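Every number here is computed from the coordinates shown, using simple stated rules; none is lab data. Predicted, not measured: the structure shown is a model, and the values here were computed from it. Here the Cβ positions follow ideal geometry from the backbone for every residue, glycine too, while neighbour counts run over all protein chains shown.
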Amino acid sequence: MFPRRTHEQKAALAKAITDVMVEIAETPREAIHVIIQDIPKDHWAQGGVLASEV
């Protein structure tokens, strides 16, 4: 994920992923870890082009 998401968006994403895992995969909430890693656009390329150049 590129580093433009707010703290609130990341918190909502973590909650939504956790809720779905609990509901669908029947995983205990306390066993779920969500890791959000921000990748700078100049550290990510697709098709040989850096995301910072798009």
List the GluC sites (Glu not before Pro) within the range 1-48 that DSSP assigns to loop and that have no more than 14 neighbouring Cβ atoms inside 10 Å. 26
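How big is the dipole moment of the chain about its Cα centre under a simple scheme where the beta carbon of each Lys and Arg is +1, that of each Asp and Glu is -1, and everything else is neutral? Debye, nearest 20, please.
Values: 6 positive and 8 negative charges, 33 e Å.
It comes to approximately 160 debye.
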Given the C-alpha atoms of the chain, compute the convex hull and give its volume per residue in Å³. 100
Per-residue ellipticity at 222 nm for the chain, helices alone: DSSP H runs ≥ 4 residues times -39500 (n - 2.57), over residue total, nearest 500 deg cm²/dmol? -11500 deg cm²/dmol
